[in-house]
Every structure is written in C-alpha cells, then in structure tokens.
Amino acid sequence: MKEMRIIIEGMSCSHCIKRVLQALEEAEVTEADVKIGEAKIIFDETKTDLNKIAKALENAGYKLKA
C-alpha cells in the first residue's frame with residue numbers, strides 16, 4: 001500500500017469533494033481523505049497508479065497537479 005498527498009485543481013465546494021471521492025473510488029483508491037484542493041490517499045500499487053488516478057479525476061472534471 002502506498003500513502004501520499006495529492007493536489008487537485010478545480011475544486012471549489014463540497015459537491016466537488018463528493019465527485020472527487022467517487023472518482024478516486026473508481027480508480028481503486030483504498031482510502032481517501034479529501035479536502036478542497038487536496039487529498040490524502042492510500043492505494044494498492046498492484047491495482048492502480050497515479051496515471052489511472054489522474055485519468056479518473058480528469059473524467060470527473062478535475063486535474064491532478066504534478
């Protein structure tokens with residue numbers, strides 16, 4: 001399991017938090033603590049990676065900041 005903090009662009013409200021949580025779940029993130037503009041995530045590197053997470057966020061309308 002890998003734990004990291006990510007920065008997410010485009011978030012502005014509690015609705016955004018719900019959408020990001022859903023996107024992270026779809027990307028197979030195990031745990032996520034999401035706040036506006038950032039998230040602390042835990043994921044299994046054998047099931048997902050940052051590319052998959054970034055794509056899920058992009059599909060939800062947000063951008064993972066590198």
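None of the figures in this text is laboratory data; all of them are computed from the coordinates on show. All of these numbers come straight from a predicted model, not from anything done at the bench. Heads up, the Cβs are rebuilt from the backbone with ideal geometry, glycines too, and the neighbour counts pull from every protein chain shown.
Among residues belonging to the stretch 43-59 that are of a type in the set (A, V, I, L, M) and out of contact with any Lys or Arg (no Cβ under 7 Å at 6 or more places or on another chain), point out the one that is farthest from Ser14 (Cα to Cα).
For the stretch 43-59, the residue satisfying everything is Leu50.
Suppose we keep only residues that are charged (D, E, K, R) and over 10 Å from the mean Cα position of the chain (by Cα) within the stretch 44-66. Which one would you say is surrounded by the most Cβ atoms within 10 Å (Cβ to Cβ)?
Asp49
Give me the pairs, please: first residue somewhere in the stretch 30-59 and over 13 Å from Arg5 (Cβ atoms), second residue anywhere and among the basic types (Lys, Arg) and part of a strand (DSSP E or B), beta-carbon distance under 9 Å, and either six or more positions apart or on two chains.
Asp44/Lys2; Glu45/Lys2; Ala54/Lys63; Leu57/Lys63
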